[in-house]
Amino acid sequence: MAQTIDIVVPDLGDFENVEVIEVIVSGGDRVAREDGLVTIETDKASMDIPAPEDGVIEKLTVGVGDTVSTGDVIGQMTIAAEAAPTDEEPAADQTRVELPRVAAAAEPVGGPSGPKEPGGGPSGAKEIAAKAAPTAKAAPTAKAAPTAEATATVDEAGFAKAHASPSVRKLARELGVDLTQVKGTGLKQRIVHDDVKGFVKAIMTGQAAGPGAGAALPQTPVVDFAKFGEIDVQPLTRIQKISGPRLQASWINLPHVTQHDLADITALENKRQELKGPAKERGISLTPLAFIMKACVAALQQFPRVNASLSADGEGLVYKKYIHLGFAADTEQGLMVPVIRDADQKDVYEIAVELGELSKLAREGKLKAAQLQGATFTISSLGGIGGTAFTPIVNAPEVAILGVSRSSMQPVWNGSEFEPRLMLPLSFSYDHRVIDGAQAVRFTTFLGQQLADVSGLLQAIP
């Protein structure tokens with residue numbers, strides 16, 4: 001039969017009216033014996049008040065900011081009948097059970113900068129620990145310490161410096177979290193349970209902890225540049241603040257490989273120059289990117305894996321029966337990626353028209369959310385600026401991206417002699433979990449063949 005017992009604050013020694021700085025559990029939570037229930041903080045040290053038995057918390061009657069003293073009832077919990085005391089105290093519906101004496105956390109108030117004894121430990125920890133010596137009644141058996149495997153990734157030096165309660169440290173050890181990278185949101189910047197959980201969630205969703213630092217990676221040095229001369233700090237744009245973490249998450253989580261190749265676009269450029277005038281009369285700017293996009297459509301149809309995405313559980317591939325092409329647009333606010341939907345159902349002229357419209361909207365900052373979503377493959381063209389090659393970052397959850405640099409005339413051996421050909425550098429970055437090197441080079445080779453076949457690119461959509 002289950003019983004309800006009072007949760008009583010144990011002997012705190014000479015300390016009275018100790019402030020509650022964190023409530024760890026709430027009504028209805030199931031806890032194990034010695035699990036932390038609330039964290040209190042004296043002027044010397046912090047400590048957790050643990051559960052006296054396995055059971056379910058009925059209610060806690062204290063909150064953050066309240067004060068407690070030895071013997072105060074801070075709540076009730078329900079325990080199994082066999083867990084209730086039977087030898088020295090009669091069983092009852094309401095039984096006051098004294099908690100095990102609480103050992104102080106080995107840290108001073110306020111973290112590593114708080115007052116310490118000459119020996120390096122907190123000045124109040126020894127006092128409380130001495131008063132918490134075992135009584136005649138046997139203390140509950142302590143839980144087994146974490147295994148070496150569980151703590152292998154924990155920075156012990158960081159734990160010594162972190163401003164956190166014992167239960168938070170225990171949680172961090174179980175999750176392998178380096179507390180030096182967690183920002184505390186509790187009283188006096190104390191790290192609380194939600195901070196640790198939020199840190200883990202941020203890593204799992206690819207959000208890096210702090211600018212310039214990879215998820216769970218050592219942070220880069222923080223430098224006071226003003227020491228060396230005059231500086232001017234400018235805030236990042238809204239787009240840069242959004243795109244930065246996404247790019248960092250993709251770079252950290254995807255094993256990137258970049259395949260570089262050259263495509264002969266001599267015939268394509270000659271034909272484009274021929275068609276550019278008539279197209280302009282129709283209000284169409286016939287840029288090389290329109291032809292490149294059309295060639296990419298053919299390549300994605302030939303290699304559907306490049307148009308796919310890895311499933312959320314990592315156990316399969318999601319093949320998309322549509323082709324939506326994103327393209328990088330350079331704006332004053334930062335890089336934007338508008339999307340041409342159903343590019344496989346449009347000819348070169350239709351793609352060119354939509355390219356112009358979306359580029360104009362991007363520069364004016366008038367793109368709608370729907371015009372920035374759903375891309376299955378992205379093209380980043382720097383040809384109008386320069387460069388010979390680069391390594392574009394895959395725009396996850398896509399599995400590949402094509403980078404295009406400036407074309408140049410190069411001598412190409414035709415079997416009997418060198419002849420001048422206009423060559424376009426291609427940089428194809430891909431997620432190596434989905435695409436291997438052989439598939440990547442087959443893709444760029446096929447893409448180069450499509451770019452050389454200008455008549456095929458100009459065929460009307462059936």
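The values are calculated or read from the model by the stated rules, or taken from the named source; none is laboratory data. The structure displayed is predicted, hence computed values, not measured ones. Here the Cβ is made from the backbone with ideal geometry for all residues, glycine too, and neighbour counts use every protein chain on show. SASA here: full protein model, heavy atoms, side chains in, ligands and nucleic acids out. Shrake-Rupley method; radii C 1.70, N 1.55, O 1.52, S 1.80 Å.
The accessible-area ordering, largest first, of the residues His256, His324, His432 stands as His432, His256, His324, per a 1.4 angstrom probe. Taken about its Cα centre, the stretch 317-457 carries a charge dipole of roughly 300 debye when the Cβ of each Lys and Arg holds +1 and the Cβ of each Asp and Glu holds -1.
A dipole drawn for the stretch 371-462 from +1 and -1 charges on Cβ atoms has a positive end, and of Leu426, Ile461, Ser380 the residue lying farthest that way is Ser380. A convex hull fitted around the alpha carbon atoms of the stretch 214-304 yields 263 Å³ per residue. Using a probe radius of 1.4 angstrom, the carbon and sulfur fraction of the accessible surface of the stretch 313-462 is 52%.
Couplings for the stretch 329-338, taken from phi via the Karplus curve 6.51 cos²θ - 1.76 cosθ + 1.60 with θ = phi - 60°, read 10, 8, 10, 5, 7, x, 6, 10, 10, x Hz in order; Gly and Pro are left as x. A simple charge model with +1 on the Cβ of Lys and Arg, -1 on the Cβ of Asp and Glu and nothing else charged puts the dipole of the stretch 1-70 at about 220 debye relative to its Cα centre.
Given the pairs Lys197/Lys321; Lys59/Lys183; Lys201/Lys360; Lys280/Lys346; Lys280/Lys366; Lys241/Lys276, which are separated by over 27 angstrom at their Cα positions? Result: Lys197/Lys321; Lys59/Lys183; Lys201/Lys360; Lys241/Lys276 exceed 27 Å. In summary, the convex hull built on the alpha carbon positions of the stretch 12-82 has an orientation-averaged projected area of 4.7 nm².
Per the Cα gyration tensor, the stretch 374-440 maps to an equivalent ellipsoid with semi-axes of 28, 16, 8 Å, ordered largest to smallest.
Ordering Ser416, Ser359 from largest to smallest accessible area (1.4 angstrom probe), what's the sequence?
Heavy-atom accessible area, descending, gives Ser416, Ser359.
Listed values for the stretch 395-412 are Karplus-derived 3J(HN,Hα) couplings in whole Hz (6.51 cos²θ - 1.76 cosθ + 1.60, θ = phi - 60°), namely 8, 4, x, 5, 10, 7, 8, 10, x, 10, 10, 6, 6, 8, 6, 9, x, 10, and x replaces Gly and Pro. Legend: P(r) of the stretch 319-430 from all alpha carbon pair distances, 10 Å bins from 0, whole percents, reading 13, 37, 33, 12, 4, 0.
Note that the stretch 340-426 presents 51 Å² accessible area per residue, ligands and nucleic acids not counted, probe 1.4 Å.
Measuring with a 1.4 angstrom probe and ignoring ligands and nucleic acids, Lys59 comes out at about 100 Å² accessible.
Semi-axis lengths, largest first, of the ellipsoid equivalent to the stretch 302-371 are 26, 17, 9 Å, with √(5λ) applied to each eigenvalue of the Cα gyration tensor.
Applying the criteria of a DSSP loop state and at most 16 other Cβ atoms within 10 Å to the trypsin sites (Lys or Arg not before Pro) of the stretch 395-440 yields Arg406, Arg433.
Starting from the stretch 220-314, pick out the trypsin sites (Lys or Arg not before Pro) whose DSSP state is loop and whose Cβ has at most 12 other Cβ atoms within 10 Å. Please report the intermediate quantities before stating the final value.
Numbers: sites: Lys227, Arg238, Lys241, Arg246, Lys271, Arg272, Lys276, Lys280, Arg282, Lys294, Arg305; in loops: Arg282.
Within the stretch 220-314, the qualifying trypsin sites (Lys or Arg not before Pro) (loop, at most 12 other Cβ atoms within 10 Å) are Arg282.
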